[in-house]
């Protein structure tokens with residue numbers, strides 16, 4: 001069966017559906033429609049496209065197996081343009097169009113913009129991007145990492161392996177500020193010291209003064225939370241020799257970023273829920289399946305896997321509930337265990353996920369596994385009130 005994408009509607013946004021091509025037994029039934037608010041423009045579209053790869057593959061797999069309760073699945077995509085206002089508008093329009101749930105977005109700022117819409121319109125929001133946590137809501141489910149699964153694993157490794165002095169460098173946005181606020185006491189608890197902190201505005205082209213500042217601090221570790229418009233820092237810092245004495249601990253790094261570095265920034269360290277170069281047969285099979293659909297050179301990052309998992313979980317929840325109903329699906333998702341390419345994913349009662357995690361580093365144009373960490377339970381920093 002060949003998957004196809006068709007345009008469904010516009011909200012002055014990019015909106016399209018990923019649905020069925022060839023017929024299946026589920027064709028005669030009304031589709032189960034899922035919304036996806038993702039960035040396809042505005043600066044982080046690489047990650048939006050990765051998310052779409054995962055969702056499209058999940059749709060194909062689910063529909064090839066007969067759909068959900070005999071009904072096919074469609075995903076309706078909306079471009080949030082990496083802007084909170086656009087994200088909120090898209091979210092409301094998708095819910096009003098009748099979707100069962102919404103997957104997305106990419107950025108924390110847009111997540112904060114659409115969560116109140118999900119709550120007011122009582123629609124499940126499945127968030128599959130790593131983020132700072134702190135939000136527990138009946139209508140919100142997190143399918144990627146929170147700080148204890150990322151920072152909590154990365155900082156002890158960096159401290160033990162490379163040194164205990166840190167320079168914190170991030171974009172002047174919600175996620176870096178929140179992550180650094182969590183990182184500082186963790187560093188101090190490890191006996192480390194923060195010797196400098198800077199945030200970029202997104203307008204910088206020449207990072208030479210900032211590179212000189214990091215170098216002068218003599219930090220052994222550069223904790224880096226700079227995506228999109230700040231990626232040129234890595235190439236420039238490498239060319240200027242910063243990484244001879246300083247190792248990058250890169251928050252949120254994935255395979256989709258590596259092409260931007262053009263071979264620079266070797267041996268940067270990160271913590272992720274999947275590594276595409278893994279020798280694990282399940283991961284190899286998943287990567288091969290993605291590339292069979294998207295092309296042999298397609299990048300397969302953890303964004304693909306975590307967004308794939310959202311629809312696999314939704315399918316399992318609908319089947320557990322026995323009906324396509326928002327409130328019943330929410331009840332069924334809590335406590336669910338689903339299979340994933342890296343092992344089981346468990347959704348806890350606060351709607352966060354326990355998953356296998358990995359320390360990885362950049363090598364050539366790939367991430368390679370340094371250490372498998374096993375299953376790491378989330379500590380979201382909040383608790384969902386009893387229903």
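The values are calculated or read from the model by the stated rules, or taken from the named source; none is laboratory data. Since we're looking at a predicted model, the values are computed, not measured. Heads up, the Cβs are rebuilt from the backbone with ideal geometry, glycines too, and the neighbour counts pull from every protein chain shown.
See the values below:
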item	result
Of all residues in the stretch 99-121 being surrounded by 24 or more Cβ atoms within 10 Å (Cβ to Cβ) and not in a helix (DSSP H, G or I), the one that is nearest to the chain's Cα centre (by Cα)	106
Single residue of the stretch 131-145 satisfying the filter (buried (at least 24 other Cβ atoms within 10 Å of the Cβ) and modelled with pLDDT of 95 or more) that is nearest to residue 333 (Cα to Cα)	141
Only one of 168, 151 that is part of a strand (DSSP E or B), touching a residue at least 40 places away in the same chain (Cβ under 8 Å) and at negative phi	168
Residue that is surrounded by the most Cβ atoms within 10 Å (Cβ to Cβ) [pool: residues in the stretch 146-166 that are closer than 10 Å to residue 192 by Cα and in contact with a helix residue (DSSP H, G or I) (Cβ under 7 Å, 6 or more places away or on another chain)]	166
Residue list for the stretch 195-233, filter: in a strand (DSSP E or B) and over 18 Å from residue 153 (Cα atoms)	195, 196, 197, 198, 199, 200
Scope the stretch 122-141; condition closer than 12 Å to residue 38 by Cα and assigned to a loop (DSSP other than H, G, I, E, B); matching residues	128, 129
Residue pairs meeting the criteria (Cβ under 7 Å; at least 6 apart or on separate chains; first assigned by TED's automatic domain parsing to the domain that holds residue 232 and at pLDDT 95 or above, in the stretch 171-190; second in a loop (DSSP other than H, G, I, E, B) and surrounded by fewer than 21 Cβ atoms within 10 Å (Cβ to Cβ))	190/164
